[in-house]
1. For the chain, modelled as a Gaussian network with Cα springs under 10 Å, which listed residue fluctuates most, His86, His245, His203?
2. Mean separation of Cα pairs under 8 Å and 6+ residues apart, divided by the residue count of the range 7-56: what relative contact order is that in percent?
3. Residue by residue through the range 390-403, what is 3J(HN,Hα) from phi via Karplus (6.51 cos²θ - 1.76 cosθ + 1.60, θ = phi - 60°)? Round to whole Hz and write x for glycine and proline.
4. Using modelled backbone amide H atoms (1.01 Å from N, in-plane), which distant-in-sequence or interchain residues come within less than 5 Å of Glu241's amide H?
5. Quick one: accessible surface of Phe260, probe radius 1.4 Å, all protein chains present, in square angstrom to the nearest 10.
6. Would you calculate a helix-derived [θ] at 222 nm for the chain, using -39,500 (n - 2.57) for each DSSP H run of n ≥ 4 and dividing by the full residue count, to the nearest 500?
7. Would you mind getting me the FRET efficiency between Tyr34 and Ser229? Use the beta-carbon distance for r and R0 = 41 Å, nearest 0.05.
8. What fraction, in whole percent, of alpha-carbon pairs in the range 1-75 exceed 18 Å separation?
Amino acid sequence: MSNYGFNTLAIHAGAEPDPATGARQVPIYQTTAYVFRDADHAAKLFNLQEVGYIYSRLTNPTVSALASRVAALEGGVGAVCCSSGHAAQIMALFPLMSPGTNVVASSKLYGGTIQQFNNTIRKFGWSAKLVDFDDPKAIAAAIDDNTRALFCETICNPGGAISDLDMISRVADQHGLPLIVDNTTASPYLCRPIEHGATLVVHSATKYLTGNGTVTGGIVVDSGKFDWSASGKYPSLAAPEPAYHGLNFHAALGGMAFTFHSIAVGLRDLGMTMNPQGAHYTLMGIETLPLRMQRHVENAQIVAEWLEQDPRVDYVTYPGLKSSPYHHLGQKITPKGPGALFTFAVKGGYEACVKLVDSLKLFSHVANLGDTRSLIIHSASTTHRQLSDEQRVAAGAAPNVVRVSIGIEDARDIIADLDQALTKATA
Ligand SMILES: *Cc1c(COP(=O)(O)O)cnc(C)c1O
């Protein structure tokens with residue numbers, strides 16, 4: 001498979017004709033368990049001496065097809081599917097972290113991730129330090145002996161800032177740390193973070209991978225390149241793992257250590273498993289990922305340029321615009337286009353934004369992104385409602401700003417809808 005191009009892999013990777021029936025499309029294996037050939041077969045499966053299916057909390061053929069496809073698209077050696085993007089983030093950290101350790105993460109992250117990192121992971125004894133990932137010195141200064149990973153997003157939500165993955169992975173390498181990249185808002189079509197030095201790539205499959213707002217899912221892809229044994233900091237992967245009868249995953253499985261640990265220990269004990277029906281929908285979605293992403297970035301560029309010249313708009317943050325401070329970085333990290341997610345500021349502030357959102361007809365007012373449909377949200381009155389004005393501005397969710405996720409409709413229809421709603425909002 002590995003010689004095929006991206007478009008071919010998006011359709012074929014992970015999907016052999018069904019061995020039992022010849023079914024061309026990947027069947028939904030709606031089953032909890034799998035019959036062992038005999039007691040010896042069962043023992044080999046549990047010992048990881050033979051790869052096969054035991055129980056669908058761990059693995060399922062439909063879910064495995066999706067894992068193989070996304071691993072191929074990202075250029076990784078293995079992947080594990082999870083119940084949501086947030087589950088994927090916990091699953092990525094889980095084999096790396098232990099109580100008292102920390103992750104150094106970008107301060108420009110999806111709001112839900114900031115919440116997960118600032119509060120919830122503390123219950124596991126982990127912590128996060130959020131710093132400016134545009135500044136290599138700030139990243140290096142935050143790293144200490146207890147740091148186990150760096151974490152950032154390729155294209156940052158909500159403002160569309162681009163992370164310099166080459167620079168960030170150099171900092172990670174200098175400190176012997178793995179870099180985890182959330183590639184949700186770019187998708188592997190626009191950026192393959194492993195080619196820029198990422199160790200692990202996480203996705204919310206809820207967004208562009210499925211692409212039409214039908215599934216909640218997540219995926220972690222492993223590059224297979226990190227040496228878990230070098231520093232002695234990753235005992236779950238590179239020392240006898242008490243949670244799996246003392247197996248040293250790195251010694252036994254090499255580049256597949258992370259993937260096998262994530263299934264054999266992570267999914268087994270945390271249970272954040274993707275369901276086969278969700279995996280099927282995501283497989284369907286990925287077949288058209290390249291076509292959709294082309295249209296998403298084409299439309300985003302047209303709409304952003306139209307908004308930028310409109311006197312009712314103060315500014316637009318799309319990195320495809322020459323006015324964006326991330327324009328050059330976008331050309332390096334996402335050369336096919338810097339996504340379809342950005343914010344713009346409406347003259348008239350908070351009140352005008354609320355009126356704009358209420359006046360749009362084609363756009364949907366939702367807390368999602370990466371749908372075929374154009375979506376909008378006024379963060380200050382919704383997702384960032386709880387924050388102070390100062391915190392909202394820092395998060396790119398100032399009261400006068402709305403976030404859009406540009407869909408794949410006709411660009412002129414998207415613009416016409418924005419035009420009529422801006423007229424009402426700024427009357
Ligand atoms: C939506 C999103 C997540 C969380 O994914 P869920 O599937 O909603 O759990 C994580 N990161 C980014 C960038 C997202 O947009």
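1. Result: His245 has the largest fluctuation of those listed.
2. Reported relative contact order: 26 percent.
3. 4, 5, 5, 4, 4, 7, x, 10, 4, x, 8, 10, 10, 9
4. Excluding prolines and chain starts, which carry no amide H, the hits are Gly246, Leu247, Asn248, Phe249.
5. Taking all protein chains as shown, Phe260 has close to 40 Å².
6. The per-residue figure over the chain is -10000 deg cm²/dmol.
7. Once rounded, the FRET efficiency stands at 0.80.
8. Summing the P(r) tail past 18 Å for the range 1-75 gives 50 percent.
The values are calculated or read from the model by the stated rules, or taken from the named source; none is laboratory data. All figures in this text were calculated on a predicted structure; none of them were measured in a lab. Don't worry about glycine lacking a Cβ; one is built from the backbone with ideal geometry, like all the others, and counts go over all protein chains shown. With ligands, DNA and RNA removed, areas are computed over all heavy atoms of the protein, side chains included. Shrake-Rupley method; radii C 1.70, N 1.55, O 1.52, S 1.80 Å.
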